[in-house]
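Student: This is the structure, below, for whatever I ask next.
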């Protein structure tokens, strides 16, 4: 099962005032990062996708997710910093809901405190390695056996040797064909 960033908005809402000290924040863990097959700006080496981070706040499960884009290889940014999908409802000092702009700032503050760029670097390294891996199946090779003349003393047709030499069978590529 996978979780997309946009599914987090359908989770039960959780009210939270972001403490000034991030050591008091829930421990968010990386749940998933997806990589879209489309290249960025026609450049095949650059990617885009989304990432999801989840934590526990009291008894509630909370999540943040966002789309990201690779500016240049290994350099990532939020695709739209004004939209971090979350089930968190950010609160001010008086525990009243923050206005939209302040909520965006709080969501970005949390997102940027997470090690998401380093995580994406690892995810993309694995993705790029898988893409670069050879897809051809290994072929079983059988050595090429040059038929000897029937009169040769080394010929399998000669009664003096009990050796059996067969030409490559159908379906077995020879070393010369490889």
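Student: What residue, of 18, 62, 54, 31, is outside any loop (DSSP other than H, G, I, E, B) and over 22 Å from residue 124 (Cα atoms)?
Tutor: Only one candidate qualifies: 62.
Student: Next question. Only one of these is surrounded by 14 or more Cβ atoms within 10 Å (Cβ to Cβ) and in contact (Cβ under 8 Å) with a residue 60 or more places away in the chain: 55, 63. Name it.
Tutor: Result: 63 is the single residue among 55, 63 that is surrounded by 14 or more Cβ atoms within 10 Å (Cβ to Cβ) and in contact (Cβ under 8 Å) with a residue 60 or more places away in the chain.
Student: Another question, if that's okay. Could you look through segment 1-28, keep only residues that are at pLDDT below 90 and crowded, with 16+ Cβ neighbours inside 10 Å, and pick out the one that is farthest from residue 90 (Cα to Cα)?
Tutor: 3
Student: To continue, here is another question. Can residue 8 be described as touching a residue at least 60 places away in the same chain (Cβ under 8 Å), under 27 Å from residue 127 (Cβ atoms) and in contact with a strand residue (DSSP E or B) (Cβ under 6 Å, 6 or more places away or on another chain)?
Tutor: Working: touching a residue at least 60 places away in the same chain (Cβ under 8 Å): yes; under 27 Å from residue 127 (Cβ atoms): yes; in contact with a strand residue (DSSP E or B) (Cβ under 6 Å, 6 or more places away or on another chain): yes.
It is true that residue 8 is touching a residue at least 60 places away in the same chain (Cβ under 8 Å), under 27 Å from residue 127 (Cβ atoms) and in contact with a strand residue (DSSP E or B) (Cβ under 6 Å, 6 or more places away or on another chain).
Student: Related question: Can you pull out every residue in segment 34-51 that is part of a loop (DSSP other than H, G, I, E, B) and either within 19 Å of residue 119 (Cα to Cα) or in contact (Cβ under 8 Å) with a residue 60 or more places away in the chain (or both)?
Tutor: Here is the first cut: in segment 34-51, the ones part of a loop (DSSP other than H, G, I, E, B) are 36-39, 41-42, 44-47.
Within segment 34-51, 36, 37, 45, 46, 47 meet the criteria.
Student: If you scan segment 88-102, which residues turn out to be surrounded by fewer than 19 Cβ atoms within 10 Å (Cβ to Cβ) and either within 34 Å of the chain's Cα centre (by Cα) or assigned to a strand (DSSP E or B) (or both)? Steps first, answer last, please.
Tutor: Within segment 88-102, the first condition is being surrounded by fewer than 19 Cβ atoms within 10 Å (Cβ to Cβ), and the residues that meet it are 89, 91-102.
89, 91, 97, 100, 101, 102, listed by residue number.
The values are calculated or read from the model by the stated rules, or taken from the named source; none is laboratory data. Owing to the predicted nature of the structure, the values given are computational and were not obtained by experimental measurement. We place every Cβ from the backbone using ideal geometry, glycine too, and count neighbours over all the protein chains shown.
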